[in-house]
Each structure stands twice: as C-alpha cells, then as structure tokens.
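> Dumping the structure here so I can ask a few things about it.
The values are calculated or read from the model by the stated rules, or taken from the named source; none is laboratory data. Because the structure is predicted, anything quoted here is derived from the model rather than measured. Cβ sites come from the backbone with ideal geometry, for glycine too, and all protein chains shown count toward neighbours.
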Amino acid sequence: MEAPNTIDVRRFLDDSPIGRFRVLIAVLICLIVFVDGLDVSAIAFAVPEIIREWGVTKQQMAPILSSVFFGLAAGALVAGPIADKAGRKLVIVASVFGFGMFTALAATSSGLTQLLIYRLLAGVALGAALPNAVTLMAEYAPSRRRALFVTLVYSGFTLGATSAGLVAAWLIPVAGWRVTLSSCGIFPMTLAIVLAFLLPDSPLFLAAKALKPALVRRLLSKVDPAANISAECSFSVPQPVKATENPIKVILSTNYLLTSVTLWAAYFLGVFVVYCLFNWMPVMAREAGFNVRQSAIITSMFTLSGAVGSILIGAAMDRVRPAFVLVAGYLLAAALLWVMSQRPDSYQLLCVLSFSLGFFIHGTVTGLNALAAKAYPTTANATGVSWMQGWGRTGGIASAFAGGVMLSLGWGMATVLVALTVPLILASAALLTLGLSRSISSQALGVIPSRPAQISRVSL
C-alpha cells in the first residue's frame with residue numbers, strides 16, 4: 001500500500017504493529033535502566049564493608065551515598081534540554097559509557113574523597129542517560145500502550161538491583177567490594193558500544209525538528225516493513241508548541257506548571273523512600289540482629305517484585321486514570337511499611353512484606369516516568385522527563401543524609417519504617433491533586449486522537 005504524501009509520524013507509530021524493531025529498542029533501553037539498579041544495589045551492599053575496611057562512620061559515608069544523586073540531578077537537568085535540541089541517541093551512548101568508566105574507577109579508590117569524586121561523576125553520566133532513554137522508549141511506543149512500554153523497560157531497574165544484591169551476597173564475602181564495583185563498571189561500557197551500533201534515534205523528534213527526512217523514512221520502514229514509504233513523502237508531528245520554543249519555558253508555562261510541580265513532588269518523595277531503604281536496609285538489618293546473608297536477602301526481596309509491579313501498574317495506567325492508580329500504589333506501600341514496623345524481628349515475615357512493598361513502591365515510582373513521558377509535547381518531552389528525574393533524584397540526596405541521621409539518633413528499624421510512611425502519604429496527596437485537576441487535552445499530552453475531527457480529553 002502506497003503511503004500518503006505527508007505522514008503523521010505519531011499516528012504512524014500508533015497504528016503500526018509492534019514488531020521486532022521496537023522489541024529490540026525496548027530490550028536495549030531496559031539494559032540501560034538495568035545498570036542503574038545494578039549500581040545502586042552494589043554500592044548499598046558495599047557500604048558496610050567500606051565502613052569496616054576503612055574504619056569510617058555511617059555519617060562519613062553519607063556524602064558518598066548522596067554524591068551520586070547530586071550527579072544524577074545535575075546530569076538530568078542539563079541533558080534533557082540538550083537532547084531536546086540535539087537528539088536522544090548521542091546523549092545516551094556517551095552517558096552510558098561515562099557512567100561505566102567512572103564506576104570502574106571508583107573501585108580503585110584509596111580514600112573517601114577519591115571515592116566521592118568518582119561517584120559524583122558516575123551520577124552525572126547516569127543522570128543524563130536515564131531520562132533520555134525513557135523518553136526514547138515513550139516516543140517509539142504506541143499511545144495505547146505507552147505506560148506499559150515505559151514501565152516494562154523501567155522494570156530493568158529492579159532486575160538490576162536484585163541481580164546485584166544476589167551476586168553481592170555471594171561475591172563480597174569472597175572477593176570484596178572492589179571487585180563488585182569494577183564489575184558494575186565493565187558492563188555499561190560494553191553496553192555503550194552495543195548501543196552505538198544498534199540504538200536508533202527518535203523519528204518523532206527528527207520529524208518535529210524537520211531533520212534528516214531520509215533517516216526518518218528508514219526508521220519508520222524498520223518499525224513497519226510492510227509500509228511502502230516513497231522518497232517523496234514528507235513528515236509531520238502535530239505540536240501544541242513551536243518546535244523552536246525553549247523546552248524549559250514550555251514545562252514551566254501555565255499549561256504545564258501544575259503537572260510539573262506535582263510530578264516533581266511525587267517523584268522526590270518516592271525516590272526518598274526507595275533509596276532510604278536501598279542504602280540503609282542492609283545496615284538496619286545487621287543492627288537488628290540479622291547476618292550478612294539475611295540482610296542481603298531482605299533487601300533483595302524489596303527489589304525482586306519491582307519488575308512485576310512496574311509492568312502491572314503500567315498496564316493499569318493504560319486503562320484508567322493513571323494518577324489515581326499511582327495514588328493507590330503509594331498508599332498501599334505506606335500501609336506495608338507500617339505492618340513491617342510491627343514485626344522487625346521476624347526474618348520470614350520481613351522477606352514476605354519486603355517483597356510486597358517492592359511491588360507497590362517500585363511500580364508506582366516507575367509509573368511516574370510513564371506519566372511524565374506522555375505529559376509534554378515532543379520537543380519538550382526529554383526536558384519534562386529529565387527535570388522530573390533531576391528534581392526528584394534530590395530525594396536520593398536527602399535519603400542518604402536522613403538515613404544516617406536517623407540511625408545515628410539510635411532509631412531502630414521499626415521507628416525508621418514508620419517514619420517513611422509520611423513521605424508516601426504526602427506523595428499520594430500530590431498525585432491526588434493532579435488527578436482531581438482539570439482534564440488535559442490529548443494534544444497537550446502529545447497523544448494524537450484516533451479521528452482528526454475529534455478532540456479527545458485525556459486525564460492524568
């Protein structure tokens with residue numbers, strides 16, 4: 001069938017079947033997210049060994065844990081606008097390689113200052129890679145399954161964290177923390193080389209910027225090999241804003257400000273809780289009387305169910321108002337934290353509850369990425385997602401210091417778990433505000449209605 005003279009790229013991607021090309025993209029992006037989880041879990045299990053080997057305190061380790069989040073925030077805030085100007089692929093490949101290099105160098109550190117610098121630089125690189133990878137997936141995904149696709153690839157985070165946790169439980173006692181960190185650096189450097197050859201740029205972005213029509217034609221032909229796209233075709237992307245408009249101004253404009261602020265707040269609070277548990281659960285479990293193996297298993301249970309929770313919550317978001325799905329996820333996570341606080345001495349029960357907690361909290365935080373990925377126009381999409389991640393990742397900074405302070409005050413596991421219910425309740429309130437706000441037009445969300453004559457309304 002001959003394609004029309006002008007192709008609406010968004011509609012083409014929505015109407016085309018989900019073939020091998022999009023599956024390949026999803027796998028590659030899932031691996032990018034995987035290295036984030038791999039790194040976070042590895043450093044969390046390394047902390048008790050670094051404290052023991054170097055004779056430092058928990059409070060001295062807090063800047064090390066928070067440094068990567070300073071980097072993540074800085075990388076996300078800077079890289080989003082760059083990717084909205086220059087494209088997604090170049091930023092992603094360079095960032096993944098840089099992250100792996102600095103993570104491997106961190107394994108050679110001889111003191112806290114050197115370790116802090118390498119962790120900061122690794123965070124900058126990773127912060128640049130993640131939001132652009134999520135944006136690229138959202139732009140390739142069909143609108144009817146966008147939340148599912150984004151949460152599916154973002155489930156790689158929990159897979160990476162779980163893998164690192166299980167490996168660390170065996171490897172650290174045998175080979176030490178340096179071998180674990182160096183392994184976590186070699187993998188992303190290898191991945192970056194693969195991405196340079198296999199990862200495509202976004203045809204939606206290229207068409208919106210009126211760039212490289214021949215490349216857009218080739219990419220769309222890979223998405224749907226059955227489509228007969230002639231060399232004379234032109235490409236368009238309906239935009240509610242001008243392609244040349246500053247993406248930062250777009251996400252802070254009157255039309256998008258409420259969405260931006262509520263997403264930032266909900267992501268900040270969710271990340272704060274997730275990383276409090278990631279960074280300090282092994283330490284809390286050891287102080288509660290559990291051995292190294294039990295501490296690792298309890299923490300790994302928290303990440304093990306995250307992949308399934310992310311996928312199922314993403315599927316639910318494609319069917320009902322997504323903000324309300326995320327409100328329920330945060331509230332159920334808060335309830336599970338409270339139940340865990342009542343029996344902090346039961347290893348078996350803690351494993352079961354930690355598994356259930358991971359399902360809801362990881363699924364909800366991942367769902368926020370899906371929500372942000374469809375909340376902004378194409379030419380500001382990477383900025384919208386990256387700024388949510390950038391400001392939200394400062395929750396990781398706060399968690400490193402807050403966890404250290406809480407434990408230094410003598411708070412046990414039960415008290416810390418109860419305290420962590422508060423930010424989850426506040427995050428639910430922010431999302432409820434967004435969900436109860438006015439409906440946003442499908443154009444404002446970057447979603448093309450099924451019939452040109454209809455203007456559908458899509459609510460967050």
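> Considering every residue within the stretch 296-311, establish whether at least one is of a type outside the set (A, V, I, L, M, F, W, C), outside any helix (DSSP H, G or I) and at positive phi.
First, pick out the residues of the stretch 296-311 that are of a type outside the set (A, V, I, L, M, F, W, C): 299-300, 303, 305-306, 309-310.
From the residues that got through so far, the ones that are outside any helix (DSSP H, G or I) too are 305.
From what's left, at positive phi: none.
Within the stretch 296-311 (the criterion being of a type outside the set (A, V, I, L, M, F, W, C), outside any helix (DSSP H, G or I) and at positive phi), the answer is no, since none of the residues qualifies.
> Ok, one more. Search the stretch 176-222 for residues being in a helix (DSSP H, G or I) and among the basic types (Lys, Arg), and hand back the single one that is surrounded by the most Cβ atoms within 10 Å (Cβ to Cβ).
Within the stretch 176-222, the first condition is being in a helix (DSSP H, G or I), and the residues that meet it are 177-198, 203-208, 213-222.
So of that shortlist, the ones also among the basic types (Lys, Arg) come out as 178, 217-218, 222.
Working: ARG178: 17, ARG217: 19, ARG218: 14, LYS222: 16.
By that ranking, first place goes to ARG217.
> Return the pairs, sorted by first residue and then second, in which the second residue is buried (at least 24 other Cβ atoms within 10 Å of the Cβ) and of a type in the set (S, T, N, Q), the first residue lies in the stretch 265-280 and is over 15 Å from SER354 (Cα atoms) and touching a residue at least 12 places away in the same chain (Cβ under 8 Å), the beta carbons are less than 6 Å apart, and the residues are 6+ apart or on different chains.
Filtered contacts from the stretch 265-280: PHE272/SER399.
> Quick one: which of LEU105, LEU126, LEU116 is in contact with an Asp or Glu (Cβ under 7 Å, 6 or more places away or on another chain) and assigned to a helix (DSSP H, G or I)? First the steps, then the outcome.
On the way: LEU105 fails: in contact with an Asp or Glu (Cβ under 7 Å, 6 or more places away or on another chain); LEU116 fails: in contact with an Asp or Glu (Cβ under 7 Å, 6 or more places away or on another chain).
Residue meeting the stated conditions: LEU126.
> Considering only residues that are surrounded by fewer than 16 Cβ atoms within 10 Å (Cβ to Cβ) and of a type in the set (D, E, K, R), look in the stretch 223-244 and name the one that is modelled with the lowest pLDDT.
LYS242
> Which residues, counting only those in the stretch 250-264, are more than 14 Å from ALA372 (Cβ to Cβ) and in contact (Cβ under 8 Å) with a residue 60 or more places away in the chain?
If the condition is that a residue be more than 14 Å from ALA372 (Cβ to Cβ) and in contact (Cβ under 8 Å) with a residue 60 or more places away in the chain, then ASN255 is the only one that fits.
> Also: Report yes if ALA62 is closer than 28 Å to LEU198 by Cα, hydrophobic (A, V, I, L, M, F, W, C), modelled with pLDDT under 80 and more than 19 Å from the chain's Cα centre (by Cα), otherwise no. If you could, list the steps in order and put the result at the bottom.
Numbers: closer than 28 Å to LEU198 by Cα: no; hydrophobic (A, V, I, L, M, F, W, C): yes; modelled with pLDDT under 80: yes; more than 19 Å from the chain's Cα centre (by Cα): yes.
Considered against the rule, which asks whether it is closer than 28 Å to LEU198 by Cα, hydrophobic (A, V, I, L, M, F, W, C), modelled with pLDDT under 80 and more than 19 Å from the chain's Cα centre (by Cα), ALA62 comes out as no.
Conditions (1) under 24 Å from TRP280 (Cβ atoms); (2) free of Cβ contacts under 8 Å to residues at least 24 places away in the same chain; (3) aliphatic (A, V, I, L, M), marked per residue:
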site	(1), (2), (3)
THR151	no, no, no
PHE157	yes, no, no
ILE172	yes, no, yes
LEU181	yes, no, yes
CYS184	yes, no, no
PHE187	no, no, no
ALA192	no, no, yes
LEU195	no, no, yes
PRO203	no, no, no
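> When VAL23 is evaluated against the numbered criteria (1) aliphatic (A, V, I, L, M); (2) crowded, with 21+ Cβ neighbours inside 10 Å; (3) at pLDDT 85 or above, which criterion, by number, is the only one it fails?
Here VAL23 meets the rest and fails (2).
> Considering every residue within the stretch 6-22, establish whether at least one is over 21 Å from SER300 (Cβ atoms), touching a Gly at 6+ places or on another chain (Cβ under 6 Å) and in a helix (DSSP H, G or I). If you could, list the steps in order and put the result at the bottom.
Going residue by residue through the stretch 6-22, those that are over 21 Å from SER300 (Cβ atoms) are 6-22.
Next cut, touching a Gly at 6+ places or on another chain (Cβ under 6 Å) only: none.
Within the stretch 6-22, not a single residue is over 21 Å from SER300 (Cβ atoms), touching a Gly at 6+ places or on another chain (Cβ under 6 Å) and in a helix (DSSP H, G or I).
> For the stretch 399-411, state whether one or more residues are farther than 24 Å from ASP39 by Cβ, modelled with pLDDT of 75 or more and crowded, with 16+ Cβ neighbours inside 10 Å.
Looking through the stretch 399-411, at least one residue is farther than 24 Å from ASP39 by Cβ, modelled with pLDDT of 75 or more and crowded, with 16+ Cβ neighbours inside 10 Å.
> On to the next question. Give me a count of the residues in the stretch 132-163 that are over 11 Å from ARG88 (Cβ atoms), surrounded by 24 or more Cβ atoms within 10 Å (Cβ to Cβ) and of a type outside the set (A, V, I, L, M, F, W, C).
Number satisfying all stated conditions: 7.
> For the stretch 335-435, list the helices (runs of 4 or more DSSP H) that sit wholly inside it and hold at least 2 residues that are farther than 22 Å from ASN291 by Cα and in contact with a Cys (Cβ under 7 Å, 6 or more places away or on another chain); which are they?
Numbers: elements: 347-373, 378-408, 413-419.
Counting at least 2 such residues, we get 378-408.
> What are the residues in the stretch 212-226 that are touching a residue at least 40 places away in the same chain (Cβ under 8 Å) and either under 16 Å from LEU90 (Cβ atoms) or touching a helix residue (DSSP H, G or I) at 6+ places or on another chain (Cβ under 6 Å) (or both), if any?
VAL216, LEU220, LYS222, VAL223 - these are the residues of the stretch 212-226 that are touching a residue at least 40 places away in the same chain (Cβ under 8 Å) and either under 16 Å from LEU90 (Cβ atoms) or touching a helix residue (DSSP H, G or I) at 6+ places or on another chain (Cβ under 6 Å) (or both).
> I would also like to ask the following. Exactly one of these conditions fails for GLY165: (1) more than 17 Å from ARG10 (Cβ to Cβ); (2) at pLDDT 90 or above. Give me its number.
Single failed check for GLY165: (2).
Yes or no, residue by residue, for (1) surrounded by fewer than 20 Cβ atoms within 10 Å (Cβ to Cβ); (2) in contact (Cβ under 8 Å) with a residue 24 or more places away in the chain; (3) closer than 30 Å to PHE45 by Cβ:
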{"position": "PHE324", "(1), (2), (3)": "yes, yes, no"}
{"position": "ARG343", "(1), (2), (3)": "yes, no, yes"}
{"position": "SER346", "(1), (2), (3)": "yes, no, yes"}
{"position": "LEU353", "(1), (2), (3)": "no, no, yes"}
{"position": "GLY363", "(1), (2), (3)": "no, yes, yes"}
{"position": "THR366", "(1), (2), (3)": "no, yes, yes"}
{"position": "ASN369", "(1), (2), (3)": "no, yes, yes"}
{"position": "SER386", "(1), (2), (3)": "no, yes, yes"}
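> Also, quick follow-up: Being in contact with a Pro (Cβ under 6 Å, 6 or more places away or on another chain), crowded, with 24+ Cβ neighbours inside 10 Å and modelled with pLDDT of 90 or more narrows it down to one residue among VAL35, VAL96, VAL9, VAL91; which is it? Give the steps one after another, and end with the answer.
Numbers: VAL35 fails: modelled with pLDDT of 90 or more; VAL9 fails: modelled with pLDDT of 90 or more; VAL91 fails: in contact with a Pro (Cβ under 6 Å, 6 or more places away or on another chain).
Just a single option satisfies the conditions, and that option is VAL96.
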